[in-house]
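So the structure is just underneath, and the comments pick up after that.
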Amino acid sequence: MSLAAVPAAAQLPTIDDAIQALAESAPPRRLTLSAQAGRLAATDWSDTVLLGSVGPAGIVEQVVVRDLGLEPATQFSGGVTYWRGRWGFRAHGAFAASCVRAEGRGCSGTGVNVWLFDAGGAYAFREPRRARDRVAPYAFFDVGAVAYDAERPIGPDVLAPAQTPGAAGRTLVVIDDSDQFLLSLDQVRLEAKPIAGFGLGTDIALPVGSGAIGVRIEVADQISRSPVQLALTRLGRAPFGAPRTRLDFGPVHHFSAMAGIVIGVDLR
């Protein structure tokens, strides 16, 4: 009776071999950390609003709200992204010290700190192999909140001063010859609004050990509601409560262009 030797190549794979093969076929995992600086520019918080009345001298207009916005400012941001294959989850925060701009004439003297916090997903345009990929373009989308922290309340003295030059930009004119109106204008001190955004970026990295270090470039648009709220109530019309109209100034876009350092680490 003789036993034939079984060639090593014909042996069945072990459990360790199967685990290793499964790990090698799984999408690569990596972590990136970034710190950036750049510019933030936002669209206006409000349009110029006029309340008009018809009298013997014609239409008499009174400025209710001026055209207000944020002065472009330097922004600092940081973020972390966990990647699994082409898809990633990111958390991001940013800060900018700006001031209120009235009617496009530069800073009005009221400083505003802008804080942005968001989290969302990212998608890599190239199939990633490891954190040391030299060029890695991607797109991202996120949701979160923006907080405006004014150094002093932004009230009627800024929103609608007693003497205001002629209206600039878009205007809304309410004209009536007999009715009375009640204007409700909320001051801005510390306002937080939901925000949603999207953008494009790329990492240009150099291999360092088991990871990489390089430059990250991003452009983004994050959209929120205006912190300026104005309600107009017509008095003397309805027997069971005066009709109330809230003026919507539309979305505020926060455009940013950032560049900084990114560090990538491969995860086992």
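What three numbers, in Å, describe the spread of the alpha carbons of the stretch 76-141 along their principal axes, ordered from the longest?
Result, largest extent first: 51, 19, 18 Å.
Sort THR32, THR74, THR202 so the one with the fewest other Cβ atoms within 10 Å of its own Cβ comes first.
Starting with the residue having the fewest Cβ neighbours, the order is THR74, THR202, THR32.
Going by how many other beta carbons lie within 10 Å of each one, how would you line up LEU200, LEU206, LEU116, LEU31, fewest first?
Lowest to highest Cβ neighbour count: LEU206, LEU200, LEU31, LEU116.
All of the numbers you see were taken from the coordinates with simple rules; none came from a lab. Values in this document were obtained by computation on a predicted structure and should not be read as measured data. Every residue, glycine as well, gets a Cβ built from its backbone with ideal geometry; the counts of neighbours run over all protein chains shown.
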